[in-house]
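Since every read-out is calculated from the coordinates, none of them should be taken as a lab result. Everything numeric here is computed off the predicted structure, so don't read it as measured data. In this analysis, Cβ positions are derived from the backbone assuming ideal geometry, glycine residues included, and neighbour counts consider all displayed protein chains.
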Amino acid sequence: MQLIKSAQLFLTAVVMSNIASAATPDSSACPSILDHRFSSLQGKPQDLCQYQGKVVLVVNTASYCGYTEQYKGLQALYDKYQKRGLVVLGFPANDFGKQEPGSNAEVADFCERTYKVKFPMIEKTSVIAGQANPVHEALFKATGERPKWNFHKYLVARDGVTVKSFSSRVAPESEAFVADVEALLSGK
């Protein structure tokens, strides 16, 4: 009888512990903006949760756009701040002016050959209303702004919740943009 009572007390303690831990938020949980899986341009699986805790710059890109030169500035930012926790994520899209017509392999070749892009590039996708990939839909919900053209930028803070939106006209190397990146990397 004592053994049964001990077993019941033990089970009650286990159940109560499970209830308490279920009610406690998991600080290691991936932020909803990053809780998505894609393939890279090369077809490799990409779990964006691997970037939690980093400052993430999300950019919709295109190979044949007047802003395509921004790849240089994006790569320079990535090179300069990667060790401090910046990740640049490129999302090629053919939504504006049909300026990204190629296959994933063609886009990867163009980025590598022309701009020496080393930051992660996600498979071709869409960023416009009604067709947007889940990351861009979450970014729209966080900021109220959708890309109006190629090279629209979203800067996601380390908390995975705070997001700033920047139009295509904002160059990645502009003083104000770099100041925002540095502030987020410093936790300000």
Any pair with Cβ under 6 angstrom, 6 or more apart, that starts in the range 97-111 at a residue that is more than 15 Å from G66 (Cα to Cα) and ends at one that is small (G, A, S) and in a loop (DSSP other than H, G, I, E, B): F110/S63
For the range 111-123, indicate whether the set of residues that are touching a Ser or Thr at 6+ places or on another chain (Cβ under 6 Å) and more than 15 Å from V59 (Cα to Cα) is non-empty. no
Can you work out which of the residues in the range 68-93 that are within 15 Å of E112 (Cβ to Cβ) and not in a helix (DSSP H, G or I) is farthest from the chain's Cα centre (by Cα)? T68
Give just the number: which of (1) assigned to a helix (DSSP H, G or I); (2) of a type in the set (G, A, S); (3) within 23 Å of A171 (Cβ to Cβ) does A105 not satisfy? (3)
With the requirement that a residue be touching a strand residue (DSSP E or B) at 6+ places or on another chain (Cβ under 6 Å) and crowded, with 16+ Cβ neighbours inside 10 Å, what does the range 34-61 give you? F38, L41, Q46, Y51, K54, V55, V56, L57, V58, V59, N60, T61
Of the conditions (1) aliphatic (A, V, I, L, M); (2) over 24 Å from K54 (Cβ atoms); (3) in contact with a Pro (Cβ under 6 Å, 6 or more places away or on another chain), A105 satisfies every one except a single condition; which number is it? (3)
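Can you spot a residue in the range 150-165 that is over 20 Å from V55 (Cβ atoms) and surrounded by 17 or more Cβ atoms within 10 Å (Cβ to Cβ)? Full working, then the answer.
The initial filter retains those residues of the range 150-165 that are over 20 Å from V55 (Cβ atoms), namely 150.
Retained after the next criterion (residues that are surrounded by 17 or more Cβ atoms within 10 Å (Cβ to Cβ)): 150.
Looking through the range 150-165, at least one residue is over 20 Å from V55 (Cβ atoms) and surrounded by 17 or more Cβ atoms within 10 Å (Cβ to Cβ).
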For the range 170-188, enumerate the residues that are part of a loop (DSSP other than H, G, I, E, B) and touching a residue at least 60 places away in the same chain (Cβ under 8 Å). A171, P172, E173
